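A short write-up of the structure that comes next.
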């Protein structure tokens, strides 16, 4: 049994303009100790999908259906009191903006011990000692001193390490990291990604890494789910995905990167663009949502929506005319 | 009056910008930066947050006043010109900012925004201005229907095209582009980068392209200057720097940026820099990078390295360890990817 099993997850938000279909029938699993990248561009639904797991979506305006099972337990119907015992203990979250995610009025030590005292019922002294250990685990130098400092005394990279320390304080089975290195410089990013790798290797934590950066995916993920307009359009082990992308959108993303520049007929270096724009989230087309931008689109792409189908081992793609050769 | 040897469009000499931070503290944002950009050349100014790269851009436009040093545009020193004397020269240099949401006035239509430089410089008005604006919008890939739209009706990519149209409508000699594609998604970024390259080659303006993204400068820039804590540590032709970086910081920076290929990426040797970027309030003595440099020696802690090319080429480096027959290798101490 997978650690996390998401089946046919659909999330809509009620707005003044109508229902925004943020996530439409997404299914995937996460294995124990696996690093899964959830990738795609702004508005594809990657963050909403992940935040549905710890139920961090606004309850009043959210319409959610489908199933989210953690270790066999259905989370979508769990009473809030039970959910609170899972959140922070079994499933923890690291957000993008480390500076705004920490409370500026409390020391980092207090913010780490808060989780420990809440979930583990540790004494103040034991929690403090554990906080120092955790800071050491995430690679913060002089943890004895840092534990008494406030967020403003730390750099962005250090704050993100503190956020990770808080997230892993109760040794969660699943860590959700939403663009955890996007606000950081590359030399700092490399260190933070090492912390994630290390946590997985040492504690066996499964990690869902939400990112738009294919370099980060290539660096750290075992498997990736590519999302477009609210749907998972492709999922595969990372090496397989980069070597043989099946969905034209995944291929388009890789070709659009500056690193993939090609020399045009006029001798100029050019990037391969994806023409057009993403469809409005207010629409819910019964056809392939990518077809207006797709170089491989044919008549059947508008007749019905391609289902997610198997193309080789553990490789799924939702396309009637997939590229790549086995 | 152009001399046979092409005069640089922009020359920055020993630029210093210090900000007062209260209680006698001084932020050393830029500390002695010199660079020049030739006609039609794209210089990529690369560095991480706090390196001073944006401050250099602002000083060039005198959006902030340099503490000392000189800025010359087409051979004319503009450092001490009055605001009024500077105004006609503003035709020749324009800036494109990072955030396409805050850099366009929300109360103006796109037509008014792009026509503003024509109006300011009394170049065209009325029908003639409208004709030029429509033509410029078309060049950046926006139709005439955009004219009457407001910024909030456009996507991020479209807004950045509007910023480009506004910057280019007077056909400036120099464009300072400060992270113009950093806020955009990959697919949108690709089309804006293609557009910038096309416009740059067709119109022939020089460009200072400020960014933290190495893959973008590799695609776009003819030459690169790498900044660390207010100083340029290495500069040279793009291909040469990417193939054989000489400064340990450049080596670390290049090795830290992950490549979008899992097989390659997981075999790469990476330098994970220890410690943090020191505060620009109190930059370290000697080489500013010595506190994090994996190959620093005693001399680096006391003596400031000069930016120079001992091989008399076009690839100067500010590092004591670079000699005519030796280049330090920061990756020698590095670990393989996984």
Cα→Cβ-extended label distance, 7 Å offset, between residue A:106 and residue A:313, nm: 4.7 nm
Which FRET efficiency, nearest 0.05, do residue B:34 and residue A:203 yield, Cβ-Cβ r, R0 35 Å? 0.10
Could you state the angle between the C-alpha long axis of helix A:186-203 and the longest principal axis of the C-alpha atoms of chain A, as a value from 0 to 90 degrees rounded to the nearest 10? 70 degrees
Take residue B:85 and residue A:76, extend 7 Å from each Cα along the Cα→Cβ direction, and tell me the distance between the two endpoints in nm. 7.2 nm
Which whole number gives the average, over all residues in A:233-239, of C-beta atoms from other chains lying within 10 Å of the residue C-beta? 1
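How long is the gain from residue B:6 to residue B:171 if the chain were fully straight, where each residue apart is worth 0.36 nm and the alpha carbon distance is subtracted? Don't jump to the answer; show the numbers that get you there.
Details: separation 165, 0.36 × 165 = 59.40 nm, distance 1.89 nm.
Gain in length upon complete extension: 57.5 nm.
Say R0 is 30 Å: what FRET efficiency, to the nearest 0.05, do residue B:182 and residue B:18 get from their beta-carbon distance?
Working: r = 26 Å, r/R0 = 0.88.
Result of the calculation: an efficiency of 0.70.
What percent does the relative contact order of segment B:173-252 come to when contacts are Cα pairs within less than 8 Å and at least six residues apart? It would help to have the intermediate numbers written out before the result.
Working: 75 pairs, mean separation 19.7, N = 80.
Computed over segment B:173-252, the figure is 25 percent.
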For the Cα atoms of chain B, what angle does the longest principal axis make with the long axis of helix B:126-139, in degrees from 0 to 90, nearest 10? 40 degrees
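Averaged over its residues, how many other protein chain Cβ atoms are within 10 Å of peptide A:32-41's Cβ atoms?
Partner-chain Cβ atoms within 10 Å, mean over residues of A:32-41: 1.
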Rounded to the nearest Å, what's the spacing between the alpha carbon centres of segment A:175-246 and segment B:141-159? Just the number, please. 34 Å
Per residue of A:213-223, other chain Cβ atoms within 10 Å number on average 5
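Expressed as a rounded percentage, what relative contact order does chain A have, with Cα pairs under 8 Å and six or more residues apart? Please list the in-between numbers first.
Values: 617 pairs, mean separation 65.9, N = 326.
Normalised by residue count, the contact order of chain A is 20 percent.
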Listing A:24, B:58, B:53 from the residue with the fewest other Cβ atoms within 10 Å to the one with the most, what is the order? B:58, A:24, B:53
Using alpha-carbon pairs under 8 Å, 6+ residues apart, how would you state the relative contact order of chain B in percent? 19 percent
Taking 0.36 nm per residue of separation and subtracting the Cα-Cα distance, what length does fully extending residue B:308 through residue B:276 add? 8.9 nm
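With the cut-off at 1.5 for a/c, could you classify segment A:264-307 from its C-alpha gyration tensor as rounded, prolate or oblate? Provide the component values of the computation, followed by the final result.
Values: a/c = 4.66, a/b = 2.06, b/c = 2.26.
Cα axes put segment A:264-307 in the oblate bin.
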C-alpha long axis of helix B:186-203 to longest principal axis of chain B, angle in °: 70 degrees
How far apart, in nm, are the 7 Å Cα→Cβ label points at residue A:117 and residue B:201? 6.4 nm
Can you pull the three principal axis extents for the Cα set of segment B:189-338, in Å, largest first? 50, 37, 36
Highest average packing first - A:6-15, A:48-57, B:323-332, Cβ atoms within 10 Å: A:48-57, A:6-15, B:323-332
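If you count, for each residue, the other Cβ atoms within 10 Å and average over each peptide, how do B:157-163, B:246-252 line up from highest to lowest? Don't skip to the end; give the middle numbers.
On the way: B:157-163: 23.9, B:246-252: 26.7.
Result, highest mean first: B:246-252, B:157-163.
Can you give the FRET efficiency to the nearest 0.05 for residue B:332 and residue A:149, using r as the Cβ-Cβ distance and R₀ = 41 Å?
So, using R0 = 41 Å, E works out to roughly 0.75.
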What is the extension gain from residue B:26 to residue B:64, computed as 0.36 nm multiplied by their sequence separation minus the C-alpha to C-alpha distance, in nm to one decimal? 12.1 nm
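So what is Rg over Rh here for chain B, counting just Cα atoms and using Kirkwood for Rh? Show your work: numbers first, answer last.
Working: Rg = 21.2 Å, Rh = 21.4 Å.
For chain B, the value is 0.99.
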Under the rule rounded for a/c under 1.5, else prolate if a/b exceeds b/c, else oblate, using alpha carbon gyration tensor axes a ≥ b ≥ c, the protein assembly as shown is classed as oblate
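Hey, what D do you get for segment A:234-317 in µm²/s if you plug the Kirkwood alpha-carbon radius into Stokes-Einstein at 25 °C and 0.890 mPa s? All intermediate terms of the calculation are to be shown ahead of the outcome.
Values: Rh = 14.6 Å.
After rounding, the answer is 169 µm²/s.
From the Cα gyration tensor of segment A:230-281, with a ≥ b ≥ c the square roots of its eigenvalues, which class applies: rounded if a/c is under 1.5, or else prolate if a/b is larger than b/c, or else oblate? Intermediate results must be reported in sequence, preceding the final value.
Numbers: a/c = 3.37, a/b = 1.38, b/c = 2.44.
Oblate.
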Measure of compaction for chain A (Cα Rg per 2.2 N^0.38 Å): 1.06
Rounded to whole Å, give me the distance from the Cα center of segment A:63-123 to that of segment B:253-300. 34 Å
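Read-outs throughout are calculated quantities, based only on the coordinates presented, and are distinct from any laboratory measurement. Quick caveat, the model's predicted, so the values are computed rather than measured. All Cβ positions, even for glycine, are placed from backbone atoms using ideal geometry, and neighbour counts span all protein chains on display.
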